[in-house]
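For reference, the structure discussed in these notes is given below.
Read-outs: derived from the displayed coordinates by stated rules, not from any lab. None of the values given here were measured: they were computed from a predicted structure. Cβ sites come from the backbone with ideal geometry, for glycine too, and all protein chains shown count toward neighbours.
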Amino acid sequence: MATPGSAPAKLSHRLTSQDASFIYGESHAGPLHIGSLNIFDGHIDYDELVDYMAQRMHLLPRYRQKLVFVPFNLAHATLEDDPEFDLHNHVKCHSLPDGTDDKGFVRAAMAAFEPMLDRGKPVWELHLFQGLAGGRSAILWKIHHCLVDGVSGMELLTVALDFRAEAPPPEPPDQAWHPPPLPSPLRRFSNALIDLVQNRLNDARKVAEMIEAPRTVVEQAATLAGCAGKMARMMGRQIVAAPWNAGLVTPARSLAWLTVSFGEVRAIRNALGGTVNDLVLAILSEAAARYMKHHEVRTNHAPLRIGCPVNVRRGGESGALGNRVSMMFPELPSAPMEVVARLGAVMRETERIKAGNEPQALELMLAGSDLIAPTVMGLGSVIGTNAIDLASRLGGLVPELTRMLTLPPPGINFIATNVPGAQVPLYLAGRKMIEMVGLVPLGANLGYNVAIVSYNQTLVFGMIAEPRLMPDVDLMQAFATEVFIELMAEARGAGRSAEGANARGEKASHAA
């Protein structure tokens, strides 16, 4: 990761299997880009924004690289400097009627977020929205998941913005950027062969190391077998049939968000226990349970299963781009509960997961995806994504076919990804960013996901939904707000009880 004033990091060009999976798994109904919605205090001019970004492109070298695919999909695609890179192809402007309210702005932003990114160019876009009520402006970032995960995407955003309103432009690069021509198909093919040979040599080296350390091999094999068994048993258990999982998503998206004070989150944590992640899961799972009760969903006591990405970067990988995540899958009650009991259930479940080292074991399993040939991954993706897109279009045209075309129940009900961000204000061209909302993909029959980002002493729950499967994402946001207010009330009550107990203790001490 490059930082202002430093030389750009030397980037590895070949996508990893985890990175490439987001290319192979993408469909028109389920594009796999992530992003954020940033709202700024003040008007931002388009030409000013282009100049601002141009001054920083040497700090964002990944943004000038395009995907280059290998003949016959012999290896995963590479990222190469694009000789035809033009910043104007990526920075776009939307002039809304002056005084546009948040609902109108969000509809326009989601319309820009919905389409797939053009793979013929570097796979990112920046959309400027002018005309928001209160003289505000907004920027929508779109960046393909094959380039970054939530953590590395947040780091790129921090590089692009300033920490002071009056910050000077970054130091220009020592040398002008002159990208070489893209490699020819023959060169791409030969480079893929070289990489394949190198990978096989590395595999042979690992085998030799294993032979010298058979105990380690047995331990790793046992860990993998145990993790695979746990995953199989977990995915075999029934989960609640939530309405947002009842069909295939279309490309349409809707958005609502909840902003809470990080100070209040800490107060709840200090009074009631748990981690910030535990509180997030308590709020989201209880909101989902109340949403289903409101819609009279019969849960049959089946649990909610939430997919939670876990950053697995080690200390030396801080700032690494690409994807370095595992997952954990807490299972939580799907019926409404009193909020302190809900938090207790979450704490017990996350402790169980941590004790079992499940994210670390799953990371080992994901590393095995490198053994799957890119040709197989690519072919499978073409068949799968085309089938999903066809079924999604048919379901949209003829709603009565939705049940017939629905996939089997998903392995999870929704994804909740928690991404830490800057806890101080950020600025763009002197304008303060007053709100940041994270955006995550939907796909197949995952019609609702949540990105939780922290920014400037706030925690923001960005709830994105497919409006046919969840036509009232604002209701989910309202239930999350309700749960947070109840947790705050319980925390204040616990605080008053603790103060009373301390006062009584001091009185007794003085009396003695």
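Legend: ranking of residues Cys93, Cys308 from fewest to most surrounding C-beta atoms inside 10 Å; resulting order Cys93, Cys308.
Neighbour counts of other Cβ atoms within 10 Å put Lys142, Lys354 in the fewest-to-most order Lys354, Lys142.
Across the range 115-193 the C-alpha pair distances fall into 5 Å bins from zero in the proportions 3, 9, 12, 14, 20, 19, 11, 5, 3, 2, 1, 0 percent. The shape of the range 2-115 can be summarised by an equivalent ellipsoid whose semi-axes, obtained from the alpha carbon gyration tensor, come to 30, 21, 12 Å from longest to shortest.
Shape analysis of the range 9-70 based on the Cα gyration tensor places the equivalent ellipsoid semi-axes at 28, 19, 10 Å, largest first.
Whole angstrom only: what separates the Cα centroid of the range 23-86 from the Cα centroid of the range 104-177? Using only Cα atoms, the two centres lie 9 Å from each other.
The stretch between Phe189 and Asp474 holds 97.6 nm of extra length on full extension. This uses 0.36 nm per residue minus the Cα-Cα distance. Neighbour counting of Cβ atoms within 10 Å sorts the residues Phe105, Phe163, fewest neighbours leading, into Phe163, Phe105.
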